[in-house]
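Undergrad: My questions will all concern the structure given below.
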Amino acid sequence: MKLFPTLIWTFTILAFVFLFFSLRTTTNELLYSIIALVLWGAAFLLNKYKPSEKEKEK
């Protein structure tokens, strides 16, 4: 399925953007850091549990 790689890359890019925001702002640093961590975690879990090519063939 093409949806998983797209979601993984989207979450990863958004995580980097929010991490950049957290480093550049003086307000809401913790909020941006937590959002970046959650997005990175979502991308990691999607990558870990995405269906493999072998499972698709069955």
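The values are calculated or read from the model by the stated rules, or taken from the named source; none is laboratory data. Every value quoted in this text rests on a predicted model; they were computed, and no experiment measured them. Cβ placement follows ideal geometry from the backbone for every residue including glycine, while neighbour counts extend to all protein chains displayed. Accessible surface areas use protein heavy atoms only, side chains included; no ligands, DNA or RNA. Shrake-Rupley method; radii C 1.70, N 1.55, O 1.52, S 1.80 Å.
Undergrad: Working only within the stretch 1-36, note down all residues that are among the basic types (K, R) and under 18 Å from K48 (Cα atoms).
TA: We begin by selecting, within the stretch 1-36, every residue among the basic types (K, R); these are 2, 24.
Result: K2, single match.
Undergrad: Those residues that are in contact (Cβ under 8 Å) with a residue 24 or more places away in the chain and open to solvent by 60 Å² or more (accessible area, probe 1.4 Å), I need them from the stretch 19-54; list them, please. Steps first, please.
TA: Of the residues in the stretch 19-54, the ones in contact (Cβ under 8 Å) with a residue 24 or more places away in the chain are 39-40, 42-43, 46-47, 50-51.
Residues satisfying the conditions are W40, N47, K50.
Undergrad: Let me ask something else about it. Just the residues that are surrounded by 15 or more Cβ atoms within 10 Å (Cβ to Cβ) and free of Cβ contacts under 8 Å to residues at least 24 places away in the same chain, please, taken from the stretch 1-18.
TA: Within the stretch 1-18, the subset surrounded by 15 or more Cβ atoms within 10 Å (Cβ to Cβ) is 7-8, 11-12, 14-15, 18.
Of everything in the stretch 1-18, just one residue is surrounded by 15 or more Cβ atoms within 10 Å (Cβ to Cβ) and free of Cβ contacts under 8 Å to residues at least 24 places away in the same chain, namely F18.
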